[in-house]
């Protein structure tokens, strides 16, 4: 089955901060019908992170012919989730996720405590008829003994409660083969994030090749210090094996969407997502509506 192509609104976060409704309209005009949001301010805003009330968000989506298929929620705190889930149910969002706030991972005991949290959040979502998913960066592929953090998370979370949004760019930068990980964990894959790595990147593809020690305590400060905006390019213009990734993802039984995400760009944000859309059209196994 062809994967529907959506856009992560983090790609246009500066535009959203200035004009959330106008930006949503421009994203729709560009041809994107499926969106995933990223709310990094859930303490103050249960929605998509830009102060948009649920009723107005629902009206905007309906008017623009768009659907929301997920939203990252940070911080992930059980005491916040009642209001968060109310909001997202009201706008028709079937699932929430998160990822980047859970490091440094410190040790296996810390990871296991986070797994308990993920299971609890997953249960809260399931009670609402929703799903919870975990999004990776490269830190999940540091190792404790002979296991990656990612494998520890997968082994210690309930597959009926905790699903996965695989970010293939960060998997590659963590020294992993995203095609093999898709095959390994295909039953838990519900969203796929696709970025791209430029041909002329100033860093090696793998962060653990002379940039970061895979056994280091990777703090947010270390992550930020190694994040080079020049290591992102419009999706479909770089070197990642995107067609192989799409082909592998076809077998994931719960996967309907591949979500384009542009972390950094030299272009205007709206122009950037237009370039990605046109570049991404060359791949097979996808559809836009």
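The values are calculated or read from the model by the stated rules, or taken from the named source; none is laboratory data. Computed from a prediction, not measured in an experiment: that's the story for all the values here. Backbone-built Cβ (ideal geometry, glycine too); neighbour counts: all protein chains shown.
Results, tabulated for the structure shown:
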| read-out | value |
| --- | --- |
| Test: residue 21 is surrounded by fewer than 21 Cβ atoms within 10 Å (Cβ to Cβ), at pLDDT 95 or above and in contact with a strand residue (DSSP E or B) (Cβ under 8 Å, 6 or more places away or on another chain) | no |
| Pairs with Cβ under 6 Å, 6+ apart, first in region 151-166 and without any contact (Cβ under 8 Å) to a residue 40 or more places away in the chain, second part of a helix (DSSP H, G or I) | 158/119; 159/188; 164/188 |
| Region 253-277: number of residues that are in contact (Cβ under 8 Å) with a residue 24 or more places away in the chain and in a helix (DSSP H, G or I) | 8 |
| Residues of region 202-249 that turn out to be assigned to a loop (DSSP other than H, G, I, E, B), at pLDDT below 95 and either over 20 Å from the mean Cα position of the chain (by Cα) or surrounded by fewer than 17 Cβ atoms within 10 Å (Cβ to Cβ) (or both), as a count | 12 |
| Scope region 141-153; condition within 15 Å of residue 180 (Cβ to Cβ) and touching a helix residue (DSSP H, G or I) at 6+ places or on another chain (Cβ under 8 Å); matching residues | 141, 148, 150 |
| Any hit, region 261-270, residues being surrounded by 18 or more Cβ atoms within 10 Å (Cβ to Cβ), more than 25 Å from residue 101 (Cβ to Cβ) and at pLDDT 95 or above | no |
| Odd one out for residue 79 among (1) surrounded by fewer than 19 Cβ atoms within 10 Å (Cβ to Cβ); (2) under 19 Å from residue 15 (Cα atoms) | (2) |
| Residue that is nearest to residue 153 (Cα to Cα) [pool: residues in region 86-98 that are surrounded by 21 or more Cβ atoms within 10 Å (Cβ to Cβ) and touching a helix residue (DSSP H, G or I) at 6+ places or on another chain (Cβ under 9 Å)] | 98 |
| Answer residue from region 103-133, given it is modelled with pLDDT under 95, surrounded by 17 or more Cβ atoms within 10 Å (Cβ to Cβ) and not in a helix (DSSP H, G or I) and is farthest from the chain's Cα centre (by Cα) among those | 105 |
